[in-house]
1. Inside region A:39-73, can you point out the residues that are among the hydrophobic types (A, V, I, L, M, F, W, C), within 11 Å of chain B (Cβ to nearest Cβ) and surrounded by fewer than 17 Cβ atoms within 10 Å (Cβ to Cβ)?
2. Here's a check for you: in region A:74-106, which residue that is among the aliphatic types (A, V, I, L, M) and surrounded by fewer than 21 Cβ atoms within 10 Å (Cβ to Cβ) is nearest to B:Tyr32 (Cα to Cα)?
3. Residues that are under 15 Å from the mean Cα position of the chain (by Cα), at pLDDT 90 or above, open to solvent by 30 Å² or more (accessible area, probe 1.4 Å) and within 9 Å of chain A (Cβ to nearest Cβ): does region B:49-58 have at least one?
4. So which of A:Tyr31, A:Tyr48, A:Tyr35 ends up being of a type in the set (Phe, Trp, Tyr) and modelled with pLDDT of 95 or more?
5. Return the total of residues in region B:59-85 being on the phi < 0 side of the Ramachandran plot and either among the hydroxyl-bearing types (Ser, Thr, Tyr) or surrounded by fewer than 17 Cβ atoms within 10 Å (Cβ to Cβ) (or both).
6. Can you tell me which condition A:Ser80 does not meet? The list is (1) small (Gly, Ala, Ser); (2) closer than 30 Å to B:His10 by Cα; (3) in a loop (DSSP other than H, G, I, E, B), and all the others hold.
7. Take region A:68-110 and flag every residue that is under 13 Å from A:Val4 (Cβ atoms) and without any contact (Cβ under 8 Å) to a residue 40 or more places away in the chain.
Amino acid sequence: NAGVTQTPKFQVLKTGQSMTLQCAQDMNHEYMSWYRQDPGMGLRLIHYSVGAGITDQGEVPNGYNVSRSTTEDFPLRLLSAAPSQTSVYFCASSSGGPQHFGDGTRLSIL
Amino acid sequence: AQSVTQLGSHVSVSEGALVLLRCNYSSSVPPYLFWYVQYPNQGLQLLLKYTTGATLVKGINGFEAEFKKSETSFHLTKPSAHMSDAAEYFCAVKERSGGYQKVTFGTGTKLQVIP
């Protein structure tokens, strides 16, 4: 089982560039979430989805967009990258119980 | 609103010694509680969870945690540390309510195991 797959694993961007972080899960989970992890701050929720076509903002949504056209996929879009968005991004899915996490995308904004 | 406090961002123990990682939570309704472990360059993996029933919860790799409602605590323990336990540990809380419930994570505790 692949579980939750995130691509790419690493990315370097210049300020102002845009990009999409991909997340796919093969467990038919209805709930999916995006977090960012920064040293000393734990995981902070960016956006989440309770099912295809339904998304909502989390704790730190500014500068990010999401969509959920299928159950399996939940991409995260950076509209205009800023150095403050340098972080490790994790996607997670669940069916209501504990979350399953991907291995993360390490993103650096220069 | 729910919150999680993990005391100690770094904990060092000798190999074979007791591991104790502290977690206190606040929640307006009875919570679900979790401990996750993160190894370098990996995502979070579930160690154990408390949902209902027995307050002493056993997890993987010999870890266990006890839910103490009166102390609003969910401390993680392991009787004897192994080198392979070196990782970062996160406590998390989720309120019991209808529909989607957001999970709140603590800031994490890095465990160092000294040979």
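The values are calculated or read from the model by the stated rules, or taken from the named source; none is laboratory data. Please read these numbers as outputs of a predicted model, since none were measured by experiment. Here the Cβ positions follow ideal geometry from the backbone for every residue, glycine too, while neighbour counts run over all protein chains shown. The accessibility values were calculated without ligands, DNA or RNA, using every heavy atom of the protein model including side chains. Shrake-Rupley method; radii C 1.70, N 1.55, O 1.52, S 1.80 Å.
1. Just the residues of region A:39-73 that are among the hydrophobic types (A, V, I, L, M, F, W, C), to begin with: A:41, A:43, A:45-46, A:50, A:52, A:54, A:60, A:66.
So of that shortlist, the ones also within 11 Å of chain B (Cβ to nearest Cβ) come out as A:41, A:43, A:45, A:50, A:54.
Passing the criteria: A:Met41, A:Val50, A:Ile54.
2. A:Val88
3. yes
4. Numbers: A:Tyr31 fails: modelled with pLDDT of 95 or more; A:Tyr48 fails: modelled with pLDDT of 95 or more.
Going through A:Tyr31, A:Tyr48, A:Tyr35 in turn, the sole match is A:Tyr35.
5. 14
6. Result: A:Ser80 fails condition (2) only.
7. Across region A:68-110, the qualifying residue is only A:Pro98.
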